[in-house]
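The values are calculated or read from the model by the stated rules, or taken from the named source; none is laboratory data. Computed from a predicted model, the values in this text were never measured in an experiment. Side chains included, ligands, DNA and RNA excluded: accessible areas come from the protein's heavy atoms. Shrake-Rupley method; radii C 1.70, N 1.55, O 1.52, S 1.80 Å.
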Amino acid sequence: PYLVAESERRVSLVETFPADRIIRDLAARDKKSAIKELLQFLVEQGSLTEDAAKKAEKAVQKRESVGSTGIGKGLAIPHAKDCSFVDGVVGVFARSVHGLGFEAVDGGLVHVIFLVLSPVDGAESHLNLMKRIALLHREEKTLQYIAKDEKLENLHAIFKEVDEEFV
């Protein structure tokens with residue numbers, strides 16, 4: 001059978017942000033602390049080693065130094081590509097009920113965060129995932145709903161709907 005390389009595989013929101021990779025209320029109140037908390041969560045959850053988390057933090061902070069991934073409307077997408085320490089796309093979704101400073105382009109607080117780490121051969125999957133998240137950014141009412149839905153019970157239904165638009 002034909003095997004699809006990771007770089008060619010279509011990565012979905014549902015696969016990348018399963019129920020065990022969701023933080024309902026991030027404790028952090030600033031960008032640097034938020035990134036650390038997200039990565040530590042991935043370590044505790046078994047998706048990253050401590051060493052990989054340190055490398056990921058450097059890679060994500062390097063990306064942030066180019067420009068904030070706080071893209072406005074309460075959304076941030078801290079990410080890093082070409083990560084030799086991950087085998088496939090690794091992600092974590094978090095919500096900050098109170099909002100946190102993320103140096104967002106619109107100056108507002110961030111309530112919804114998608115952290116994404118992609119492997120060296122995962123450029124296409126990375127871009128595909130970013131496009132899916134960008135669709136949520138364009139759907140402001142949906143984004144506001146996610147930020148306020150305390151139980152996040154409809155989160156995967158929303159992710160599935162976005163994924164289906166990209167089939």
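Using a probe of 1.4 Å on the protein chains alone, the accessible area found for residue 138 is around 150 Å². Given an 8 Å cut-off on Cα distances and at least 6 residues of separation, report the relative contact order of the chain as a percent. The normalised contact order for the chain reaches 28 percent. As a ratio to 2.2 N^0.38 Å, the alpha-carbon radius of gyration for the range 7-105 is 1.03.
Here is the size of the chain from its Cα atoms: Rg then Dmax, 14.8, 50 Å. Once amide H atoms are placed 1.01 Å from N in the peptide plane, what residues at a sequence separation of 5 or more from residue 72, or on another chain, have their amide H within under 5 Å of its amide H? For residue 72, the qualifying residues are 105, 106.
In order along the range 25-33, phi translates into HN-Hα couplings of 8, 5, 7, 4, 10, 9, 4, 4, 5 Hz, rounded to whole numbers, per the Karplus curve 6.51 cos²θ - 1.76 cosθ + 1.60 with θ = phi - 60° and x for Gly and Pro. Measuring between their Cα centroids, the range 43-70 and the range 102-167 lie 18 Å from each other.
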